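Data block below; observations after.
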Amino acid sequence: MPQLLLELFSEEIPARMQAQAAKDLERMAREKLAAEGLLPEALTAFAGPRRLTLVAEGLAAAQAERHEERKGPRLGSPDQAIEGFLRSTGLTRDQLVERDGLYFAHIHKPGRPTPAIVAEMVEAIVRNFPWPKSMVSGVSKLRWVRPLQRILCVFDGEVVPFQIDGFVSGDLTEGHRFMGSGQAFHVKDFDSYADGLARNFVVLDPEERKERILDAARTLCFARNFELVEDDGLLDEVAGLTEWPTPVMGDMDPAFLDLPPEVIRTSMRVHQRFFAVRDPATGFLVPHFIAVANIEATDGGKLIASGNGRVLSARLSDARFFWTEDQRMRLEDRLEKLKGVTFHAKLGNMYQRVERITALAGELAPYVRDDEGTKAKAMQAARLCKADLGTGMVGEFPELQGVMGAYYADKEGLEPEIVDAIRWHYKPQGPTDDVPVQAVAATVALADKLDTLVSFFGIDEKPTGSRDPYALRRAALGVIRIILQTRTRLPLKAFASDDLLAFFADRLKVLLREQGQRHDLVDAVFALGDDDLVRIVSKVNALEGFLGSEDGKNLLAGYKRAVNILKAEEKKAALPTGEPAEIKGAPPEEAGLVIAVGHMEIELGKALEKEDYAWAMRELAALRPAVDAFFDKVLVNSEVASERENRLRLLVKVRDAMGRVADFSQITG
């Protein structure tokens, strides 16, 4: 079946926008083709520095005929309503069908050639493409991320004819800006397109560009017994900056190696987009770097490497100046400057935030580790954790917040636990980031994130949909991960509002779901009002295993049956109170359940007090035979009032006993 090839060729597309642009192009094309009844066998998009490309395989040559039935107004409706319906369908009144008291329109739409549909699709995509930022240039009023230069659109080997604000579609593209032939060339399908680009020094696929960079960079390092310091974010960026990526190794002045390695790597990454290189035996950086050029130089890249080395030296000279100057002032003496740094218009300045974090660290410390030493160190670390915001180094490299504070604290001779707490207090910053587990560091990290959450929830700045400008979801996930990894028994109710507690519950469900666990179990445990995340997760894990067993599944069914009966009876009158009795002449299954529930209550209480949830689940499992037998042999709604009331008391007892573990009504299945 025919193939569609589309290329939108422009000036340089920012690297940070390329991956999403490829996804948006594929999504928009898929939606618009599907809306016309055209379903490609495969749809693939590519993004690079100067082009967005789409290839759709297996498209039909034309759209199939379509028949649509559209419901109209009721019979006898005003003429105005009927005429409006006729205009929308393009039919006349005698063409309408009457059925079930309504008018219906049967609309026949003949299929159109696919190129006509593609032309409309491309125009809609170009005019409505969701670039984060865009611009208008030249005589055209067309808005694009950077000036659009050419549109290639070929279907089944032929150009799809259309024009958009002066841009006429064609079958021409061009290769590398410097290494290509300098001439545009014709293509008829994706194979000739990809081959032509390769001959003109363009690697189309960004994944292939990344592989080329890594392979060549590792080879350069291996040849000198070094090791590449890999960086996925930087790799994505340089792959988006180069069409023909060519790594070269450069040298730096070894004297700069006395700077903190994070400073060297950040300067390389942020200013120059270089990869650092280290000695695999020691793990220390070596005075070399990997730059990724966009050309193959005739001298093997020596001139490029030399020029990059000079620029890097200038950058590192600035960093050395900041490093030296920053150490002339103690962190404690920098706190006054934080009064001039606004945290948020409604939440005060950074100095006030530090005061809140310090006080909060003092409250949290006993939960993390109950000793005065931990509390004192945590409060001192909290007081100093933001002091590096006023340093020259962090002003130059905001990414090094916390890291530089730790270095300066170490230079001042502060205790190692305080130094580590300053370094780690921003962590974890993502789902795979390391978690601070040492008591002082964990306390300060918790205080920092809890203050953020409590403060912004307090001024009603909560995440909405995909919008989370203050990274509150990340902060909540960080609190949860720290609590669980350090097994801190923190009563969240003492620090969080009801809506913030619900937010934590939602984030915990997300975390457990990513680990393959059931979110309804979190709801079931949270419903009891527990705010101890360690205990909640322990219960969830135990419930997961229990409900995966036959005993668990059957007991859950029995529980829901009991609850449904109680709900039905509660609508008629208040449920009877008091303890169920062993009534003379009652079926043995009734007496058996009375005994089983009584025993289970005692043992369950012991298990819950010891937080032995495996034991608690065994006790619930032991109740299952008695529950099954009761529902099999005993009629709850007996005509004898005393029997019915006693049996309802027994079901209430079963429900309430199980409810000490979780609210089983929240559990699906």
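The values are calculated or read from the model by the stated rules, or taken from the named source; none is laboratory data. In this text, all values refer to a predicted model and were calculated from it rather than measured experimentally. Every residue, glycine among them, receives a Cβ derived from its backbone with ideal geometry; neighbour counts consider all protein chains shown.
Okay, residues lined up against (1) touching a residue at least 40 places away in the same chain (Cβ under 8 Å); (2) under 25 Å from Phe457 (Cα atoms); (3) part of a helix (DSSP H, G or I):
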site: Asp499; (1), (2), (3): yes, yes, yes
site: Arg507; (1), (2), (3): no, yes, yes
site: Arg513; (1), (2), (3): no, yes, yes
site: Asp531; (1), (2), (3): yes, yes, no
site: Leu555; (1), (2), (3): yes, no, yes
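Consider the range 104-141 and keep the residues that are among the aliphatic types (A, V, I, L, M) and in contact with an Asp or Glu (Cβ under 6 Å, 6 or more places away or on another chain). The one that is modelled with the lowest pLDDT is Ile107. Close contacts from the range 577-606, counting a first residue that is over 19 Å from Val640 (Cβ atoms) and a second that is of a type in the set (Lys, Arg), with Cβ to Cβ under 7 Å and a gap of 6+ residues or different chains, come to Val597/Lys653; Leu604/Arg660. The listed residues are Val248, Val286, and the only one of them that is surrounded by 13 or more Cβ atoms within 10 Å (Cβ to Cβ) and more than 29 Å from Ala409 (Cα to Cα) turns out to be Val248.
Taken over the range 545-576, the criterion of being under 14 Å from Arg644 (Cβ atoms) and either among the β-branched types (Val, Ile, Thr) or out of contact with any Leu (no Cβ under 7 Å at 6 or more places or on another chain) (or both) is satisfied by Ile565, Ala568, Glu570, Lys572, Ala573, Ala574. Residues in the range 486-523 that are farther than 19 Å from Asp468 by Cα, within 19 Å of the chain's Cα centre (by Cα) and charged (D, E, K, R): Arg513, Glu514, Arg518. Scanning the range 389-418 for residues that are free of Cβ contacts under 8 Å to residues at least 60 places away in the same chain, outside any loop (DSSP other than H, G, I, E, B) and within 25 Å of Gly362 (Cβ to Cβ) yields a total of 7. Between Phe190, Phe129, the distinction of being out of contact with any Phe, Trp or Tyr (no Cβ under 9 Å at 6 or more places or on another chain), crowded, with 17+ Cβ neighbours inside 10 Å and within 26 Å of Met28 (Cα to Cα) belongs to Phe190 only.
For every residue, the table says whether it meets (1) crowded, with 17+ Cβ neighbours inside 10 Å; (2) part of a loop (DSSP other than H, G, I, E, B); (3) free of Cβ contacts under 8 Å to residues at least 24 places away in the same chain.
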{"position": "Lys462", "(1), (2), (3)": "no, yes, no"}
{"position": "Tyr470", "(1), (2), (3)": "no, yes, yes"}
{"position": "Ala476", "(1), (2), (3)": "yes, no, no"}
{"position": "Val479", "(1), (2), (3)": "yes, no, no"}
{"position": "Ile482", "(1), (2), (3)": "yes, no, no"}
{"position": "Leu490", "(1), (2), (3)": "yes, yes, no"}
{"position": "Ala502", "(1), (2), (3)": "no, no, yes"}
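So, Asn637, is that one touching an Asp or Glu at 6+ places or on another chain (Cβ under 9 Å), outside the structural domain of Leu528 (by TED's automatic domain parsing) and outside any helix (DSSP H, G or I) or not? Taking the combined requirement at face value, the residue satisfies it. Only one entry in Leu5, Leu38 is in contact with a Phe, Trp or Tyr (Cβ under 7 Å, 6 or more places away or on another chain), within 27 Å of Asp156 (Cα to Cα) and either crowded, with 18+ Cβ neighbours inside 10 Å or modelled with pLDDT of 95 or more (or both), namely Leu5. Scanning the range 516-540 for residues that are under 17 Å from Leu608 (Cα atoms) and surrounded by fewer than 17 Cβ atoms within 10 Å (Cβ to Cβ) gives Ala527, Leu528, Gly529, Asp530, Val534, Arg535.
The set of residues from the range 239-265 being β-branched (Val, Ile, Thr), touching a helix residue (DSSP H, G or I) at 6+ places or on another chain (Cβ under 6 Å) and more than 30 Å from Leu204 (Cα to Cα) comprises just one member, Val263.
Comparison of Asp410, Asp433, Asp420, Asp388 shows that the only residue that is charged (D, E, K, R), modelled with pLDDT under 95 and either surrounded by fewer than 24 Cβ atoms within 10 Å (Cβ to Cβ) or not assigned by TED's automatic domain parsing to the domain that holds Ser267 (or both) is Asp433. Of the helices (runs of 4 or more DSSP H) that lie entirely inside the range 281-387, those containing 2 or more residues that are at negative phi, within 36 Å of the chain's Cα centre (by Cα) and in contact (Cβ under 8 Å) with a residue 60 or more places away in the chain span 302-326, 350-368, 372-384.
Screening Val187 on (1) aliphatic (A, V, I, L, M); (2) touching a helix residue (DSSP H, G or I) at 6+ places or on another chain (Cβ under 8 Å); (3) not assigned by TED's automatic domain parsing to the domain that holds Met17 shows it passes everything except condition (3). Residues considered: Leu338, Leu360, Leu364. Of these, the only one that is in contact with a Ser or Thr (Cβ under 6 Å, 6 or more places away or on another chain) and assigned by TED's automatic domain parsing to the domain that holds Pro436 is Leu364.
Count of the range 192-214 residues, restricted to those that are among the β-branched types (Val, Ile, Thr), assigned to a loop (DSSP other than H, G, I, E, B) and in contact with a helix residue (DSSP H, G or I) (Cβ under 8 Å, 6 or more places away or on another chain), is 1. Out of the residues in the range 41-94 that are of a type in the set (S, T, N, Q) and within 46 Å of the chain's Cα centre (by Cα), state the one that is surrounded by the fewest Cβ atoms within 10 Å (Cβ to Cβ). So the residue we want is Ser88. Among the residues of the range 215-240, those that are in a loop (DSSP other than H, G, I, E, B) and either farther than 18 Å from Pro49 by Cβ or touching a Gly at 6+ places or on another chain (Cβ under 7 Å) (or both) comprise Ala223, Arg224, Asn225, Phe226, Val229, Glu230, Asp231. Checking each residue in the range 25-81 for being among the hydroxyl-bearing types (Ser, Thr, Tyr) and touching a residue at least 60 places away in the same chain (Cβ under 8 Å) picks out only Thr53.
Residues of the range 185-218 that are of a type in the set (A, V, I, L, M, F, W, C) and either more than 32 Å from the chain's Cα centre (by Cα) or farther than 27 Å from Gly233 by Cβ (or both): Phe185, Val187, Phe190, Ala194, Leu197, Ala198, Phe201, Val202. Just one of the numbered conditions (1) in a loop (DSSP other than H, G, I, E, B); (2) of a type outside the set (Ser, Thr, Tyr); (3) assigned by TED's automatic domain parsing to the domain that holds Asp24 is not true of Gly76: (3).
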